[in-house]
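Written below as structure tokens is the structure these notes are about.
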Amino acid sequence: MTGSKSKKEGYVYSSYGDEKYLQHVVASVHTLRRYDQERPVTIYCSNQHIQTLEKSGLEEMFDQIHFLPDENRSITGFKHNVYQFMPYEKNLYMDSDIIWCKDPNPLWDKLSTYRFTITGNHIADGFFGGPKGIGIVADVIFQRRKKTLDKFGLTYLNRVQTGLMYAAEKDIAKQVCDTASHFLSKREETHFRSRKSETGRTQETCEWSLGMALSKLNIPILPWLNGYESPQLDFIDDYTNHDEEFETVECTLYNDRFVYDFKAIRSKWFRNLLISIFSLVPGKGDYMKVTPYCLHFGWYHQKQPFYDFADHVWSKLSK
């Protein structure tokens with residue numbers, strides 16, 4: 001373990017499994033250090049990844065390196081237990097497939113007003129945790145989302161995006177995590193689908209259960225889509241302009257969330273057709289060119305540019 005710095009605010013990453021995920025963390029931290037060279041970074045990872053860091057000479061990128069137990073080496077294993085991993089007074093938990101795009105100081109100022117939060121939207125659409133195809137029609141007809149909320153005493157459902165999570169009070173973090181774990185254990189009593197049923201996914205999601213937990217405990221989300229102050233935006237190739245090193249990033253953000261969500265449509269001509277039609281309504285076609293704090297490569301079919309960048313950074317920095 002490397003020596004730690006006594007700082008109140010810090011970044012927390014986790015890494016396990018294939019070595020490529022460690023390389024992703026390294027690439028993310030590399031971009032972070034373009035803008036923030038003061039706040040410390042901690043990584044929780046397997047012994048194999050600790051050894052890889054030492055052999056590659058990259059352990060100095062991290063102020064703390066901790067062993068991650070087997071039971072926490074999964075999405076839910078870590079994110080449903082973040083209260084166990086709080087090396088700082090104020091902790092910002094990062095996904096590894098994230099590139100930093102600008103100075104995070106204003107973001108930390110916003111986070112300081114929260115005790116616990118996750119980026120997201122106040123309203124989750126029907127696809128959140130549900131079927132991604134035609135199956136959504138049955139969910140709507142049979143009002144399955146509403147039945148889930150009624151069953152668990154909720155009046156609304158957050159759509160959380162756990163690429164960024166923040167915790168400053170351990171008791172509250174534990175309460176959120178325990179509540180989310182409880183909801184996940186009751187999945188068969190909800191309308192939510194297993195993430196493992198999606199192509200390319202091997203782990204269960206933590207997001208709908210954490211969204212329910214925040215709703216249940218009346219804990220506010222950090223607005224995910226917030227114009228020029230958006231904490232993170234998804235990388236979509238048709239919506240993102242960038243240079244080779246991702247030092248200059250500009251995203252198209254439609255001001256109307258319904259229109260912006262057309263980004264999920266993979267057919268470019270059909271997506272553009274819908275945008276053109278809805279743009280006939282004043283305001284629906286308005287958009288901004290935004291540099292978010294973080295560019296998140298969360299879409300499975302949009303990850304290759306990040307993979308290429310991470311390979312490039314690893315080759316450049318490692319021994």
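The table below gives the values:
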{"quantity": "Globularity index of the range 162-287, i.e. its alpha-carbon radius of gyration over 2.2 N^0.38 Å", "calculated": "1.31"}
{"quantity": "Peptides ranked, highest mean first, by Cβ atoms within 10 Å: ranges 34-44, 50-60", "calculated": "34-44, 50-60"}
{"quantity": "Solvent-free Debye scattering, log10 I(q)/I(0), computed from the Cα coordinates of the range 1-128 at q = 0.21, 0.22, 0.23 Å⁻¹", "calculated": "-1.39, -1.49, -1.59"}
{"quantity": "Extension gain from residue 281 to residue 110, taking 0.36 nm per residue of separation minus the Cα-Cα distance", "calculated": "58.2 nm"}
{"quantity": "MRE, 222 nm, helices only [DSSP H, n ≥ 4, -39500 (n - 2.57), over the chain, to nearest 500]", "calculated": "-9500 deg cm²/dmol"}
{"quantity": "Accessible area per residue in Å² at 1.4 Å probe, computed on the chain", "calculated": "47 Å²"}
{"quantity": "Extension gain from residue 312 to residue 102, taking 0.36 nm per residue of separation minus the Cα-Cα distance", "calculated": "73.6 nm"}
{"quantity": "When the range 232-290 is reduced to its Cα atoms, the Kirkwood hydrodynamic radius in Å", "calculated": "12.1 Å"}
{"quantity": "Ranked order, 212, 86 - accessible area, probe 1.4 Å, largest first", "calculated": "86, 212"}
{"quantity": "Full-stretch length increase - residue 186, residue 258 - with 0.36 nm per residue and alpha-carbon distance subtracted", "calculated": "22.9 nm"}
{"quantity": "Net charge dipole size for the chain [Lys, Arg +1 and Asp, Glu -1 on Cβ; Debye, nearest 20]", "calculated": "1020 debye"}
{"quantity": "For peptides 254-265, 172-183, 278-289, sequence by mean Cβ density within 10 Å, most packed first", "calculated": "172-183, 254-265, 278-289"}
{"quantity": "Trypsin sites (Lys or Arg not before Pro) lying in DSSP loop within the range 63-113, provided at most 16 other Cβ fall within 10 Å", "calculated": "102"}
{"quantity": "Percent carbon-and-sulfur accessible area, the range 232-290, ignoring ligands, DNA and RNA, probe 1.4 Å", "calculated": "55 percent"}
{"quantity": "Local electrostatic count at residue 233 - Lys and Arg +1, Asp and Glu -1, tallied over other residues with Cβ under 14 Å", "calculated": "-4"}
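The values are calculated or read from the model by the stated rules, or taken from the named source; none is laboratory data. The structure displayed is predicted, hence computed values, not measured ones. Here Cβ is always computed from backbone atoms with ideal geometry, including for glycine, and neighbour counts include all displayed protein chains. We work out accessible area using only protein heavy atoms, side chains counted, and drop any ligands, DNA or RNA first. Shrake-Rupley method; radii C 1.70, N 1.55, O 1.52, S 1.80 Å.
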